[in-house]
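Student: Would you mind keeping the following structure in view while I ask a few things?
The values are calculated or read from the model by the stated rules, or taken from the named source; none is laboratory data. In this text, all values refer to a predicted model and were calculated from it rather than measured experimentally. The accessibility values were calculated without ligands, DNA or RNA, using every heavy atom of the protein model including side chains. Shrake-Rupley method; radii C 1.70, N 1.55, O 1.52, S 1.80 Å.
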Amino acid sequence: MNRALTAAGIWGLIVTAVLVGVPLALRDRLPDPLATHWSGAGPDNHMSFTQNLLFTVAMALVALAIMVGVALHGKAFERRLSRAYWWGFLIGWGLFVIGMELSIVYSNLDATDWTRARPLGWGVAATMAVAAAAGVLAGYLLRGAPDQDPEPGEAPPRLRLKAGQRSVWVSRVSNAWLAALAVASGVVALVLGVSTALGLMEGAAASGLLGVSVILLVAGLLTSSATVRITQDGVAIGFGPLGWPVRRIGLSKIESAWSEVRHPSQVGGWGLRGVPGTAAIMLRGGDCLVLRYHSGGQLVISIDDASRGAALLNALLAERVGR
């Protein structure tokens, strides 16, 4: 973590130096105010030289402060995936802010007035592409060593089942913030829908906002809660308040299970997350049920009483192998 904090400090100084140094060095060739926003017809908004300088530096430093706070929390570096996310965002965001500022400076260079600034052209797309590529590369190169598997010989938890006994384990988890998002989105969608039907609102903006509200409503409902059920048929994961749709995982696909404390920062955030080899259903940090597939992949599910669920699942797996 000390290496990460040192790198963040050095990177912050480099980004700040570029954001401040380049505009100041070219100030005599720039109009004041500067064009800072473009539409299809050309520049349509502006900021003073000082406002633009402070705004871009703030964009960089606020993000840097957040990343330092995440690093100080410590948990962001416990998993390889979360380390990759941290380094990728740190480098990628800094390059994005630099690229946008350089594009603005170039467009305004030698213009007699902000209204005569050059079009941005491919500058925005190129900036986003370079920043994203650099972020991915930084995350890959600096993600560190692979996560440690359980110690060899360490037996996973297992219940003792009586012959012929049928056992079931059910647990549920919910996220109040995602549920609140779904409710708020539903209210907005209802208001917009009624307003559109009555002719009080119209146009592409109203339709677009209605569409976004409906998408957020559906996404919030599906990801605000989850129910996990373990039986002799395998694992069934139901999403949303109605437990639908359901993802079913047969016992034949699972090698073992255990409980482990995981946090959103370790799997890339809240909700449904996935990268090659690892997937996560993360609705809250803390106790999680971890399934290891015979293929080598893993599924992490944030759920209450995960240790008991893992113990029953391992017992069912052992019983199946013994048949």
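Student: Across the chain, what fraction of all alpha-carbon pairs, as a whole percent, falls in each successive 10 Å bin from zero upward?
Tutor: Binned Cα distances yield the sequence 5, 19, 21, 23, 17, 9, 4, 1, 0.
Student: Would you mind calculating the relative contact order of the chain from Cα pairs under 8 angstrom and at least 6 residues apart, reporting the percent as a whole number? Intermediate values should be presented prior to the final figure.
Tutor: On the way: 531 pairs, mean separation 49.0, N = 323.
This gives 15 percent for the chain.
Student: Kindly work out what percent of the DSSP beta bridges joining two residues of the chain are antiparallel, to the nearest 5.
Tutor: Numbers: 39 of 43 bridges.
Antiparallel: roughly 90 percent of the beta bridges in the chain.
Student: Sort largest first and round to whole Å: the equivalent ellipsoid semi-axes of the range 43-144, each the square root of five times a Cα gyration tensor eigenvalue.
Tutor: Over the Cα atoms of the range 43-144, the ellipsoid semi-axes are 33, 16, 7 Å.
Student: Also, I was wondering about something else. When the accessible area of the chain is computed with all protein chains present and a 1.4 Å probe, what percentage of it is carbon and sulfur? Show your work: numbers first, answer last.
Tutor: On the way: 11470 of 17780 Å².
Here carbon and sulfur together make up 64 percent of the probe-accessible area.
Student: What are the ³J(HN,Hα) couplings of the range 249-265, residue after residue, when phi is run through the Karplus curve with 6.51, -1.76, 1.60 and θ = phi - 60°? Round to Hz, x for glycine and proline.
Tutor: Result, rounded to whole Hz: 10, x, 4, 5, 8, 9, 8, 6, 8, 7, 9, 7, 7, 10, 10, x, 5.
Student: Send over a whole-number figure in Å² for the accessible area per residue of the range 189-287, probe 1.4 Å.
Tutor: On the way: 5120 Å² over 99 residues.
Accessible area per residue: 52 Å².
Student: Tell me the mean residue ellipticity at 222 nm calculated for the chain from its helices only (DSSP H runs of n ≥ 4, each -39500 (n - 2.57), averaged over every residue, nearest 500). Walk me through the intermediate numbers first.
Tutor: Numbers: 8 runs with 160 residues, N = 323.
That comes out to -17000 deg cm²/dmol.
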